[in-house]
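Notes follow once the structure below has been shown.
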Amino acid sequence: MDKKEYRKNMDINKIFGTINNISILINIKDFKFWMAQKHQIESTDFKNEYFEGYKFAIETLVRTLIDGIRYEKTFEFTQSELFYRACYTGANLNKIPDDCEKTRVIKKIYSYFEKMNNATNPIDFEKQSFIFKKIIIDSLLKIYNDSIQTNNETKLTKEETLNYCSIWVTLIYLNDARKGEPFGYTISPTIYSSNKNKKTDENIILNGYKYAIQYLWSKLLKDYYEKTSIKQIHSVKNWKNELYFNNKNQKNKKAFDDYFGIINKEIIEENLKNKMERLDVSVFLWAQEPDKSALKKLMNAPQWIELTESERIDQLLLWYPVEIMEGIVFNGSSTFIPQLIGLTEIKKAYDEKVHVRRFIHPINDRDYIGNDYSYGILIDAFSNIADYSCWIIFYDCCGDYSGFGGSEHQAIEEIIEKYNDKIIIQQTIIEKNRFYENMLKKEAIRYNNSNEFITYRKKTGRDIRILRRDYEETLEKLNASKGLLVELLTYYIETENLNPENEIKWSHIFLKNEHDVWIENKNKIKICECKADAETRNIDADLKKIENKKSIVEEQYKKECNNVFWYYKEPENEMTMDRLNQLPIECKFVRSELIRMGKKKDKLDDIFKK
C-alpha cells in the first residue's frame with residue numbers, strides 16, 4: 001500500500017472511530033444513569049459539579065473529528081487555499097467564506113455542536129444532542145454503513161473494527177494530557193468555543209471529564225473493563241504531575257495523564273496485541289466511493305461573513321507578513337514588472353501560479369478623477385518545518401490619472417494581462433492612508449544577529465514612512481489650497497470684467513458636477529475650470545472632464561456653452577505650452593490678467609513657486 005493510500009485509510013480509522021465515540025458519549029441519559037449506579041452521583045450533583053467537564057469531553061471529541069476532516073483524504077472534500085492558510089495560521093474559520101466543502105462541513109458540525117455546548121442544564125443538552133446526532137452523526141454513519149468494509153488482513157468483523165478504532169482514538173486523543181489538557185482539544189486551533197477561556201486544570205472541568213472518559217472506556221471494553229486500572233481513573237486530582245521528579249509524595253499519586261501508559265500496557269499490549277499487530281493499521285477500506293449526497297445537510301449554501309477592514313486585508317493576503325517597497329522610481333513598473341515576469345517563468349516549470357494583489361486607492365481630490373494603486377506579489381519560501389513566504393508590497397506606485405504615474409499603471413496592467421493565465425489576481429478598494437497603516441502592522445520582522453539593529457531599523461523605518469506620509473498629505477492640502485486660490489482669483493477677475501447682463505457663480509454644483517466658476521446669461525454659459533499649474537496636470541484628462549461637463553450643460557440648458565482653462569501662469573516648459581495652444585478651448589492665466597489690471601502679484605508668485 002503506497003503512502004497516499006495508507007494516509008487515506010488512516011483518515012477513515014480516525015474519523016469513524018471519533019464519530020462512534022461521540023455517538024456513545026452524547027447519550028447523557030445513559031451516562032447519568034451509569035454515574036448513579038457506579039458512583040452514587042445523583043442528578044443535582046451531576047449538574048453542579050460534573051456537567052461542564054462532561055461537555056468538555058464531548059468538545060474534545062468534536063475537535064478531534066474536525067481535525068480529522070481538516071486533514072482528510074477520505075471523502076475527498078474540496079479544499080481552498082484560504083481554508084489551508086486559515087488552518088495553518090490559526091485564524092477563525094467562522095470568519096472565512098464558505099468557499100470549499102471542508103469549510104462548509106466543519107462550520108456546520110461546529111454550529112450544531114455549539115448549540116449543544118451552550119446548554120446550561122442536562123435537559124436542554126439532551127434536546128440539542130438529539131438534533132446533533134440526527135444532522136451530523138447519522139449523516140456520517142450512513143456513509144460508514146453504505147460504503148465502508150473491513151480490511152481482511154485484520155480478521156475482524158466490522159463491529160469489532162469500529163470498536164478498536166474508537167479505542168485507539170480514546171487513548172491518543174482523550175487520555176494523552178501531557179500538556180495539561182487533552183491532546184484532542186489542542187489540535188483544532190481554528191475553532192473557538194465557550195469552553196476556550198476555561199482553564200482545563202480547574203476541578204470543575206477535570207471532575208466531569210475523568211468520569212466521562214471512564215464511562216466511554218467501560219462501553220468500549222465491555223466486560224474487560226472490570227479487569228483494568230481504568231476503574232480508578234476517577235480518583236485523580238490533576239491533569240499531570242508537574243513535580244513528579246521533585247516530590248516523593250507525588251510518586252504514588254497518579255495524575256490523569258499517567259493512565260495513558262497504564263492503559264496502553266493493559267489494553268493495547270496485553271489484550272489487543274494478538275488480534276491486531278498494530279492498532280493504527282488501515283483497518284477500514286472503501287467498498288465503494290463515498291456518496292456525498294448523504295452529507296447534503298452539511299453543505300448548505302455559502303453564508304456572507306461580515307469582516308472588519310483589517311480582517312478583509314488579512315484574508316486577501318492569506319495571513320502572510322509583508323515587506324513594503326516605497327520610493328518613486330524603484331517602486332514602480334521598473335521593479336514590479338521584472339519581479340512578476342521572473343516569478344511566473346520560474347513557476348511555469350512547476351505548473352504553479354503567482355499570487356498578485358491589486359489595491360485601489362480612490363482619489364478624493366477636486367482636481368483629479370481616478371485612483372492611485374498599490375500592488376503585491378507573494379514570494380514563496382518554505383522549509384521542512386515552516387512557511388516563510390512574504391508579500392512584497394509596491395505601495396502607492398502609480399495612478400491612472402496623470403502623465404508619469406499613468407504610464408506606470410498602464411505598463412503594469414499590460415504585463416498582468418499578458419500573464420493572466422499564469423497568475424492569481426485579486427483586488428480590493430481601500431483608502432490609501434488606512435492601507436498604509438494596515439501594512440505597517442503586518443510588516444515582516446527582519447532577523448539579524450543584532451537585535452538592537454532590528455529594533456532600530458524597524459523603528460526608524462516606520463518613523464520615516466510616517467513622516468513621508470504626513471509630508472504627502474501636507475503637500476496634497478497645499479496643492480488643493482493653490483487650486484482653490486486660482487478659483488477665487490479667477491472669480492475676482494471675471495467679476496471685474498463682468499457684463500451687467502451676466503450672472504456669475506463660484507463653485508456651482510449642477511447635476512452632481514462642480515463648476516469652479518460659472519458665468520451665465522440668457523443665451524450662453526461659460527464654464528471656467530481652474531488649475532494651479534499646467535505642468536503638473538494630465539491635460540488630456542482635464543480636457544475630457546470639462547468637455548463632459550459641457551455636453552451635460554448644453555443638453556439640459558439648451559444653450560451654447562464655452563469652456564475656459566484658467567492657470568496661475570504660463571508654463572515654463574515649451575512642450576506643455578505648445579500642448580495648451582493646440583487645445584480646442586481657450587486657456588487663460590491669472591498672473592497675466594493681474595498684470596494687465598495693474599495689480600501686485602509678488603506675494604502670489606511666492607505662493608506658487610515650485
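The values are calculated or read from the model by the stated rules, or taken from the named source; none is laboratory data. Owing to the predicted nature of the structure, the values given are computational and were not obtained by experimental measurement. Neighbour counts run over all protein chains shown; Cβ positions are idealised from the backbone, glycine included. Areas reflect the complete protein model, heavy atoms only, side chains present, ligands, DNA and RNA absent. Shrake-Rupley method; radii C 1.70, N 1.55, O 1.52, S 1.80 Å.
Output the number of residues of the range 82-98 satisfying the condition of being assigned to a helix (DSSP H, G or I) and surrounded by 18 or more Cβ atoms within 10 Å (Cβ to Cβ).
Taking the range 82-98 and keeping what is assigned to a helix (DSSP H, G or I), we get 82-89, 93-95.
Okay, now just the ones that are also surrounded by 18 or more Cβ atoms within 10 Å (Cβ to Cβ), so 82-83, 85-87, 93.
Residues that pass the stated criteria total 6.
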Subject >> Selection from the range 483-517 of residues that are of a type in the set (Phe, Trp, Tyr) and in contact with a strand residue (DSSP E or B) (Cβ under 7 Å, 6 or more places away or on another chain) >> reply: 491, 506
**OP:** Please verify whether the range 508-520 includes one or more residues that are more than 26 Å from residue 370 (Cβ to Cβ) and surrounded by 14 or more Cβ atoms within 10 Å (Cβ to Cβ).
**Re:** yes
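So, in the range 108-154, how many residues would count as being assigned to a helix (DSSP H, G or I) and in contact (Cβ under 8 Å) with a residue 24 or more places away in the chain?
If we filter the range 108-154 for residues that are assigned to a helix (DSSP H, G or I), which is where we start, we get 108-117, 122-147, 152-154.
Going one step further and asking which of them are in contact (Cβ under 8 Å) with a residue 24 or more places away in the chain, we end up with 108-110, 112-114, 116-117, 122, 125-126, 129, 132-133, 135-137, 139-144, 146-147, 153-154.
Count: 27.
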**OP:** Search the range 340-353 for residues that are surrounded by 15 or more Cβ atoms within 10 Å (Cβ to Cβ) and pair each with any residue that is aromatic (Phe, Trp, Tyr) when their beta-carbon atoms are under 7 Å apart and the residues are at least 6 apart or on different chains.
**Re:** 340/419; 344/419
**OP:** Would you mind finding the one in 134, 158 that is modelled with pLDDT of 90 or more, within 21 Å of residue 22 (Cα to Cα) and open to solvent by 20 Å² or more (accessible area, probe 1.4 Å)?
**Re:** 134
Original post:
What residue, among those in the range 354-385 that are of a type outside the set (S, T, N, Q) and open to solvent by 80 Å² or more (accessible area, probe 1.4 Å), is modelled with the highest pLDDT?
Top reply: 382
**OP:** Considering only residues that are within 16 Å of residue 488 (Cβ to Cβ), in a helix (DSSP H, G or I) and open to solvent by less than 60 Å² (accessible area, probe 1.4 Å), look in the range 587-610 and name the one that is modelled with the lowest pLDDT.
**Re:** 604
Original post:
Within the range 498-507, can you find the residues that are open to solvent by 50 Å² or more (accessible area, probe 1.4 Å) and either modelled with pLDDT of 90 or more or touching a Phe, Trp or Tyr at 6+ places or on another chain (Cβ under 6 Å) (or both)?
Top reply: 503, 505, 506
**OP:** Return yes when residue 336 is at pLDDT below 90, among the hydrophobic types (A, V, I, L, M, F, W, C), open to solvent by less than 30 Å² (accessible area, probe 1.4 Å) and in a helix (DSSP H, G or I) and no when it is not.
**Re:** yes
**OP:** Inspect all residues belonging to the range 44-55 and state whether any of them is touching a helix residue (DSSP H, G or I) at 6+ places or on another chain (Cβ under 8 Å), buried (at least 21 other Cβ atoms within 10 Å of the Cβ) and assigned to a loop (DSSP other than H, G, I, E, B).
**Re:** no
Original post:
Is it true that residue 433 is in a helix (DSSP H, G or I) and closer than 30 Å to residue 515 by Cα?
Top reply: yes
Original post:
Would you pick out the residues in the range 161-190 that are open to solvent by 30 Å² or more (accessible area, probe 1.4 Å) and either part of a loop (DSSP other than H, G, I, E, B) or in contact with a Phe, Trp or Tyr (Cβ under 7 Å, 6 or more places away or on another chain) (or both)?
Top reply: 172, 178, 179, 181, 183, 189
Original post:
Within the bounds of the range 267-280, is there any residue that is within 30 Å of residue 100 (Cα to Cα) and at pLDDT below 85?
Top reply: yes
Original post:
Given the conditions (1) in a strand (DSSP E or B); (2) more than 19 Å from residue 556 (Cα to Cα), which single one is not true for residue 473?
Top reply: (1)
Subject >> Pairs with Cβ under 8 Å, 6+ apart, first in the range 568-580 and at negative phi, second outside any loop (DSSP other than H, G, I, E, B) and modelled with pLDDT under 85 >> reply: 571/535; 572/535; 573/535; 576/535
Original post:
For residues in the range 26-42 being open to solvent by 70 Å² or more (accessible area, probe 1.4 Å), assigned to a helix (DSSP H, G or I) and not basic (Lys, Arg), which is nearest to residue 128 (Cα to Cα)?
Top reply: 33
Original post:
Any residue at all in the range 545-560 that is free of Cβ contacts under 8 Å to residues at least 24 places away in the same chain and open to solvent by less than 20 Å² (accessible area, probe 1.4 Å)?
Top reply: no
Original post:
Identify, please: which residue in the range 62-81 is among the basic types (Lys, Arg) and within 23 Å of the chain's Cα centre (by Cα) and is, among those, surrounded by the most Cβ atoms within 10 Å (Cβ to Cβ)?
Top reply: 63
Original post:
Within the range 490-497, is even one residue open to solvent by 30 Å² or more (accessible area, probe 1.4 Å), outside any helix (DSSP H, G or I) and either more than 20 Å from residue 591 (Cα to Cα) or at pLDDT 90 or above (or both)?
Top reply: no
